[in-house]
Amino acid sequence: GDSPRTSSSLATARVGVMFAVRAARPVRAASARALLLAAILARASSHGAGVWRDPHHYRSDSSLAGLRFISESPPHELNIVGTDDGTSWWALKGRCSGLGMRNITIDFSPKGGPSDATGRWAPGETITWPDGNMWALLAAPTRAFLLDAADDHTGVFFDPHHFKVGTFRGMRFIAEDPPHVLKMVGSDDGTFWFLEGFCTGPKMTSIHFDFSPKGGPKELVGKWAPSPARTITWPDGNVWSKAVPELQASFAVRHGGGTVPSRARVEPSPTHASGSLPLSLPVLVASVAMLALAVAVRRVIGSSSRGAAEARQTRLAECENLGPS
(Lines give C-alpha, C1' and ligand atoms only; values in the text may rest on other atoms or scores of the structure.)
Protein backbone atom coordinates (compact mmCIF):
# COMPACT_ATOMS: atom_id res chain seq x y z
CA GLY A 1 0.00 0.00 0.00
CA ASP A 2 0.90 3.70 -0.25
CA SER A 3 2.72 5.34 2.63
CA PRO A 4 0.91 8.11 4.55
CA ARG A 5 3.26 10.70 3.00
CA THR A 6 2.59 9.39 -0.52
CA SER A 7 -1.17 9.32 0.04
CA SER A 8 -1.07 12.83 1.44
CA SER A 9 0.97 14.05 -1.54
CA LEU A 10 -1.50 12.47 -3.98
CA ALA A 11 -4.41 14.04 -2.14
CA THR A 12 -2.71 17.42 -2.24
CA ALA A 13 -2.04 17.04 -5.97
CA ARG A 14 -5.65 16.07 -6.65
CA VAL A 15 -6.90 19.08 -4.71
CA GLY A 16 -4.48 21.32 -6.56
CA VAL A 17 -5.68 20.06 -9.94
CA MET A 18 -9.31 20.51 -8.87
CA PHE A 19 -8.76 24.11 -7.86
CA ALA A 20 -6.71 24.80 -10.99
CA VAL A 21 -9.54 23.55 -13.22
CA ARG A 22 -12.15 25.51 -11.30
CA ALA A 23 -10.08 28.68 -11.36
CA ALA A 24 -9.32 28.32 -15.06
CA ARG A 25 -12.99 28.03 -16.04
CA PRO A 26 -13.98 31.67 -15.41
CA VAL A 27 -10.77 32.88 -17.04
CA ARG A 28 -11.42 30.81 -20.17
CA ALA A 29 -15.08 31.87 -20.19
CA ALA A 30 -14.10 35.54 -19.82
CA SER A 31 -11.60 35.22 -22.66
CA ALA A 32 -14.22 33.56 -24.87
CA ARG A 33 -16.72 36.30 -24.08
CA ALA A 34 -14.14 38.96 -24.86
CA LEU A 35 -13.33 37.36 -28.22
CA LEU A 36 -17.02 37.05 -29.08
CA LEU A 37 -17.73 40.67 -28.17
CA ALA A 38 -14.70 41.85 -30.14
CA ALA A 39 -15.89 39.89 -33.18
CA ILE A 40 -19.36 41.42 -32.93
CA LEU A 41 -17.92 44.92 -32.66
CA ALA A 42 -15.59 44.34 -35.62
CA ARG A 43 -18.46 43.11 -37.77
CA ALA A 44 -20.59 46.10 -36.82
CA SER A 45 -18.04 48.59 -38.12
CA SER A 46 -16.68 47.57 -41.53
CA HIS A 47 -13.84 49.84 -42.55
CA GLY A 48 -15.32 52.96 -44.11
CA ALA A 49 -18.53 51.20 -45.14
CA GLY A 50 -21.84 53.01 -44.86
CA VAL A 51 -23.78 55.96 -46.25
CA TRP A 52 -21.84 59.22 -46.34
CA ARG A 53 -22.75 62.83 -47.04
CA ASP A 54 -20.31 65.03 -48.99
CA PRO A 55 -20.96 68.68 -47.97
CA HIS A 56 -19.44 69.94 -51.24
CA HIS A 57 -22.42 68.49 -53.12
CA TYR A 58 -25.08 68.17 -50.43
CA ARG A 59 -28.19 70.28 -51.03
CA SER A 60 -30.81 69.34 -48.44
CA ASP A 61 -32.40 66.34 -46.77
CA SER A 62 -34.95 66.36 -49.62
CA SER A 63 -32.25 65.59 -52.20
CA LEU A 64 -29.97 62.61 -52.79
CA ALA A 65 -27.23 64.96 -54.04
CA GLY A 66 -23.90 64.47 -52.30
CA LEU A 67 -24.52 60.94 -51.01
CA ARG A 68 -21.86 58.22 -51.23
CA PHE A 69 -22.60 54.54 -50.53
CA ILE A 70 -19.53 52.47 -49.61
CA SER A 71 -19.08 48.72 -49.26
CA GLU A 72 -15.98 46.87 -48.07
CA SER A 73 -16.31 43.78 -50.23
CA PRO A 74 -14.07 41.79 -50.32
CA PRO A 75 -12.10 42.78 -47.17
CA HIS A 76 -9.95 45.91 -47.57
CA GLU A 77 -11.39 46.60 -51.05
CA LEU A 78 -13.87 49.47 -51.23
CA ASN A 79 -16.59 50.02 -53.83
CA ILE A 80 -18.43 53.31 -53.95
CA VAL A 81 -21.68 54.27 -55.67
CA GLY A 82 -22.61 57.94 -55.46
CA THR A 83 -24.37 60.93 -56.93
CA ASP A 84 -23.42 64.61 -57.03
CA ASP A 85 -26.70 65.97 -58.39
CA GLY A 86 -29.20 63.42 -57.07
CA THR A 87 -30.10 62.01 -60.49
CA SER A 88 -26.92 60.81 -62.27
CA TRP A 89 -24.91 58.06 -60.60
CA TRP A 90 -21.24 57.05 -60.76
CA ALA A 91 -19.07 54.25 -59.34
CA LEU A 92 -15.52 54.32 -57.95
CA LYS A 93 -13.07 51.88 -56.40
CA GLY A 94 -10.74 52.19 -53.44
CA ARG A 95 -9.07 50.42 -50.57
CA CYS A 96 -8.42 50.72 -46.84
CA SER A 97 -5.03 50.32 -45.16
CA GLY A 98 -2.89 51.29 -42.20
CA LEU A 99 -3.43 50.84 -38.48
CA GLY A 100 -7.06 49.88 -37.91
CA MET A 101 -7.63 50.20 -41.69
CA ARG A 102 -8.34 53.88 -41.14
CA ASN A 103 -6.63 55.11 -44.31
CA ILE A 104 -9.34 55.29 -46.99
CA THR A 105 -7.86 55.60 -50.49
CA ILE A 106 -10.19 56.17 -53.46
CA ASP A 107 -9.46 56.52 -57.16
CA PHE A 108 -11.34 59.68 -58.15
CA SER A 109 -9.80 59.82 -61.65
CA PRO A 110 -13.06 58.69 -63.40
CA LYS A 111 -14.57 61.90 -61.98
CA GLY A 112 -11.56 64.03 -62.94
CA GLY A 113 -9.91 63.87 -59.52
CA PRO A 114 -6.73 62.26 -58.15
CA SER A 115 -6.20 58.54 -58.58
CA ASP A 116 -5.10 57.92 -55.00
CA ALA A 117 -6.78 60.42 -52.68
CA THR A 118 -6.35 59.17 -49.11
CA GLY A 119 -8.69 60.26 -46.37
CA ARG A 120 -8.71 59.50 -42.67
CA TRP A 121 -11.63 57.47 -41.36
CA ALA A 122 -12.95 58.15 -37.86
CA PRO A 123 -15.17 55.09 -37.19
CA GLY A 124 -18.84 55.96 -36.91
CA GLU A 125 -18.22 59.65 -37.62
CA THR A 126 -16.31 61.07 -40.60
CA ILE A 127 -13.87 60.61 -43.45
CA THR A 128 -11.57 63.63 -43.74
CA TRP A 129 -9.79 64.29 -47.05
CA PRO A 130 -6.50 66.16 -47.69
CA ASP A 131 -8.33 69.21 -49.08
CA GLY A 132 -10.25 69.57 -45.81
CA ASN A 133 -13.50 68.13 -47.14
CA MET A 134 -15.17 66.01 -44.48
CA TRP A 135 -17.75 63.36 -45.28
CA ALA A 136 -20.21 62.69 -42.46
CA LEU A 137 -21.76 59.29 -41.76
CA LEU A 138 -25.52 59.23 -42.24
CA ALA A 139 -27.21 57.33 -39.41
CA ALA A 140 -30.60 56.84 -41.07
CA PRO A 141 -32.40 57.59 -44.36
CA THR A 142 -33.54 61.15 -44.96
CA ARG A 143 -36.69 62.39 -46.69
CA ALA A 144 -34.90 62.10 -50.04
CA PHE A 145 -35.04 58.30 -49.76
CA LEU A 146 -38.83 58.35 -49.71
CA LEU A 147 -38.97 58.36 -53.49
CA ASP A 148 -36.26 58.45 -56.17
CA ALA A 149 -37.97 60.55 -58.84
CA ALA A 150 -35.57 59.64 -61.68
CA ASP A 151 -37.23 57.46 -64.33
CA ASP A 152 -34.18 55.25 -64.83
CA HIS A 153 -32.83 51.85 -63.79
CA THR A 154 -30.14 53.55 -61.69
CA GLY A 155 -30.56 55.16 -58.30
CA VAL A 156 -32.25 53.98 -55.12
CA PHE A 157 -34.41 50.84 -55.02
CA PHE A 158 -36.17 49.07 -52.16
CA ASP A 159 -36.26 45.29 -51.80
CA PRO A 160 -39.44 44.42 -49.82
CA HIS A 161 -37.88 41.11 -48.71
CA HIS A 162 -35.35 42.98 -46.56
CA PHE A 163 -36.64 46.55 -46.19
CA LYS A 164 -36.96 47.95 -42.67
CA VAL A 165 -38.27 51.45 -42.01
CA GLY A 166 -35.76 53.83 -40.43
CA THR A 167 -32.71 51.87 -41.61
CA PHE A 168 -30.78 51.19 -44.83
CA ARG A 169 -31.79 47.54 -44.77
CA GLY A 170 -33.30 46.44 -48.06
CA MET A 171 -31.97 49.44 -49.98
CA ARG A 172 -30.03 49.01 -53.23
CA PHE A 173 -28.01 51.83 -54.83
CA ILE A 174 -27.30 51.26 -58.53
CA ALA A 175 -24.96 53.13 -60.89
CA GLU A 176 -24.43 52.62 -64.61
CA ASP A 177 -20.77 53.53 -65.00
CA PRO A 178 -19.45 53.14 -67.69
CA PRO A 179 -22.48 52.84 -70.03
CA HIS A 180 -24.28 49.48 -69.80
CA VAL A 181 -22.08 48.36 -66.86
CA LEU A 182 -23.94 48.24 -63.56
CA LYS A 183 -22.51 48.55 -60.04
CA MET A 184 -24.62 48.08 -56.92
CA VAL A 185 -24.06 48.69 -53.21
CA GLY A 186 -26.77 47.37 -50.93
CA SER A 187 -27.66 46.19 -47.45
CA ASP A 188 -29.81 43.35 -46.12
CA ASP A 189 -28.94 43.45 -42.42
CA GLY A 190 -27.12 46.75 -41.84
CA THR A 191 -23.82 45.67 -43.38
CA PHE A 192 -23.07 46.67 -46.98
CA TRP A 193 -22.24 44.42 -49.95
CA PHE A 194 -21.27 45.05 -53.58
CA LEU A 195 -22.45 43.41 -56.82
CA GLU A 196 -21.66 43.93 -60.51
CA GLY A 197 -23.78 43.46 -63.62
CA PHE A 198 -24.85 44.93 -66.93
CA CYS A 199 -27.96 45.97 -68.86
CA THR A 200 -29.11 44.83 -72.30
CA GLY A 201 -32.11 44.73 -74.59
CA PRO A 202 -34.41 47.39 -76.01
CA LYS A 203 -33.95 50.60 -74.01
CA MET A 204 -31.65 48.63 -71.66
CA THR A 205 -34.59 47.12 -69.75
CA SER A 206 -32.91 43.75 -69.05
CA ILE A 207 -30.99 44.06 -65.78
CA HIS A 208 -28.31 41.41 -65.21
CA PHE A 209 -26.54 40.99 -61.85
CA ASP A 210 -24.12 38.44 -60.46
CA PHE A 211 -25.56 37.55 -57.04
CA SER A 212 -22.97 34.83 -56.32
CA PRO A 213 -21.06 37.00 -53.77
CA LYS A 214 -24.29 36.89 -51.73
CA GLY A 215 -24.81 33.18 -52.27
CA GLY A 216 -27.23 33.65 -55.17
CA PRO A 217 -27.14 32.78 -58.87
CA LYS A 218 -24.23 33.83 -61.04
CA GLU A 219 -26.50 35.67 -63.48
CA LEU A 220 -29.96 36.80 -62.49
CA VAL A 221 -31.94 38.79 -65.03
CA GLY A 222 -34.59 41.25 -63.91
CA LYS A 223 -36.92 43.41 -65.99
CA TRP A 224 -36.89 47.18 -65.63
CA ALA A 225 -40.31 48.80 -66.11
CA PRO A 226 -40.15 52.59 -66.60
CA SER A 227 -42.73 55.13 -65.40
CA PRO A 228 -45.33 54.82 -64.03
CA ALA A 229 -44.13 51.51 -62.50
CA ARG A 230 -40.39 52.28 -62.13
CA THR A 231 -39.61 48.81 -60.81
CA ILE A 232 -37.24 45.89 -61.40
CA THR A 233 -39.04 42.54 -61.35
CA TRP A 234 -36.98 39.39 -60.73
CA PRO A 235 -37.73 35.80 -61.84
CA ASP A 236 -38.86 34.76 -58.34
CA GLY A 237 -41.53 37.47 -58.36
CA ASN A 238 -39.66 39.88 -56.08
CA VAL A 239 -40.18 43.49 -57.18
CA TRP A 240 -37.74 46.26 -56.35
CA SER A 241 -39.39 49.68 -56.36
CA LYS A 242 -38.24 53.29 -56.29
CA ALA A 243 -41.13 54.15 -53.98
CA VAL A 244 -41.82 52.65 -50.58
CA PRO A 245 -45.51 51.75 -50.00
CA GLU A 246 -45.21 52.09 -46.21
CA LEU A 247 -43.72 55.57 -46.49
CA GLN A 248 -46.23 56.62 -49.15
CA ALA A 249 -49.03 55.55 -46.81
CA SER A 250 -47.45 57.58 -43.99
CA PHE A 251 -47.22 60.60 -46.28
CA ALA A 252 -50.88 60.20 -47.29
CA VAL A 253 -52.04 60.12 -43.66
CA ARG A 254 -50.10 63.26 -42.73
CA HIS A 255 -51.12 65.20 -45.84
CA GLY A 256 -54.74 64.25 -46.32
CA GLY A 257 -54.60 61.32 -48.72
CA GLY A 258 -53.07 60.65 -52.11
CA THR A 259 -49.61 59.39 -53.03
CA VAL A 260 -46.29 61.14 -53.09
CA PRO A 261 -46.00 63.27 -56.26
CA SER A 262 -43.00 62.66 -58.51
CA ARG A 263 -40.87 65.48 -57.13
CA ALA A 264 -42.71 66.32 -53.94
CA ARG A 265 -40.90 68.10 -51.18
CA VAL A 266 -41.90 66.03 -48.19
CA GLU A 267 -42.26 68.12 -45.06
CA PRO A 268 -40.97 66.43 -41.90
CA SER A 269 -43.34 65.53 -39.12
CA PRO A 270 -42.65 66.97 -35.62
CA THR A 271 -41.38 63.54 -34.52
CA HIS A 272 -38.49 63.59 -36.99
CA ALA A 273 -37.95 67.21 -37.91
CA SER A 274 -34.22 66.57 -38.16
CA GLY A 275 -34.76 65.07 -41.61
CA SER A 276 -34.16 61.44 -40.73
CA LEU A 277 -36.88 58.85 -40.77
CA PRO A 278 -37.80 57.69 -37.23
CA LEU A 279 -35.52 54.98 -35.93
CA SER A 280 -37.26 51.80 -34.85
CA LEU A 281 -36.94 50.62 -31.26
CA PRO A 282 -34.72 47.65 -32.21
CA VAL A 283 -32.26 50.01 -33.90
CA LEU A 284 -32.07 52.22 -30.82
CA VAL A 285 -31.65 49.19 -28.58
CA ALA A 286 -28.91 47.83 -30.87
CA SER A 287 -27.05 51.16 -30.75
CA VAL A 288 -27.12 51.23 -26.95
CA ALA A 289 -26.11 47.56 -26.85
CA MET A 290 -23.04 48.19 -29.04
CA LEU A 291 -21.85 50.91 -26.65
CA ALA A 292 -22.39 48.57 -23.71
CA LEU A 293 -20.48 45.81 -25.48
CA ALA A 294 -17.51 48.09 -26.07
CA VAL A 295 -17.35 48.92 -22.36
CA ALA A 296 -17.81 45.25 -21.46
CA VAL A 297 -14.88 44.18 -23.65
CA ARG A 298 -12.53 46.55 -21.86
CA ARG A 299 -13.75 45.44 -18.43
CA VAL A 300 -13.54 41.71 -19.26
CA ILE A 301 -10.05 41.94 -20.71
CA GLY A 302 -8.85 43.99 -17.75
CA SER A 303 -10.40 41.71 -15.16
CA SER A 304 -9.15 38.47 -16.78
CA SER A 305 -5.53 39.07 -15.84
CA ARG A 306 -6.46 40.15 -12.30
CA GLY A 307 -8.74 37.13 -11.93
CA ALA A 308 -5.98 34.75 -13.01
CA ALA A 309 -3.55 36.14 -10.43
CA GLU A 310 -6.16 35.96 -7.66
CA ALA A 311 -7.00 32.37 -8.65
CA ARG A 312 -3.35 31.35 -8.38
CA GLN A 313 -3.07 32.84 -4.91
CA THR A 314 -6.26 31.07 -3.83
CA ARG A 315 -5.01 27.71 -5.10
CA LEU A 316 -1.74 28.07 -3.22
CA ALA A 317 -3.54 28.97 0.00
CA GLU A 318 -5.96 26.03 -0.32
CA CYS A 319 -3.18 23.59 -1.12
CA GLU A 320 -1.23 24.73 1.95
CA ASN A 321 -4.31 24.32 4.17
CA LEU A 322 -5.03 20.84 2.79
CA GLY A 323 -1.39 19.64 2.87
CA PRO A 324 0.01 17.13 5.40
CA SER A 325 0.08 18.39 8.96
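Structure data summary
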item	result
Calculated FRET value between residue 151 and residue 212, using beta carbons and R₀ = 35 Å, to 0.05	0.70
Surface accessible to a 1.4 Å probe, residue 208 within the full protein complex, Å²	20
Sequence ranges 174-184, 233-243, 141-151, ranked by mean other-Cβ count within 10 angstrom, highest first	141-151, 174-184, 233-243
Cα-based Rg of the stretch 58-114 normalised by 2.2 N^0.38 Å, two decimals	1.24
Within-13-Å neighbourhood charge of residue 90 [Cβ basis; K, R +1; D, E -1]	-2
Protein accessible area in the stretch 64-180, 1.4 Å probe - carbon and sulfur %	53
Those lysines that a straight Cα-Cα span of less than 23 Å connects to residue 223, excepting residues fewer than 8 apart in one chain	183, 203, 214, 242
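The values are calculated or read from the model by the stated rules, or taken from the named source; none is laboratory data. None of the values given here were measured: they were computed from a predicted structure. A quick note on method: Cβ atoms are made from the backbone with ideal geometry, for glycine too, and the neighbour counts reach across all protein chains shown. Surface areas here come from the heavy atoms of the whole protein model, side chains and all, with no ligands, DNA or RNA. Shrake-Rupley method; radii C 1.70, N 1.55, O 1.52, S 1.80 Å.
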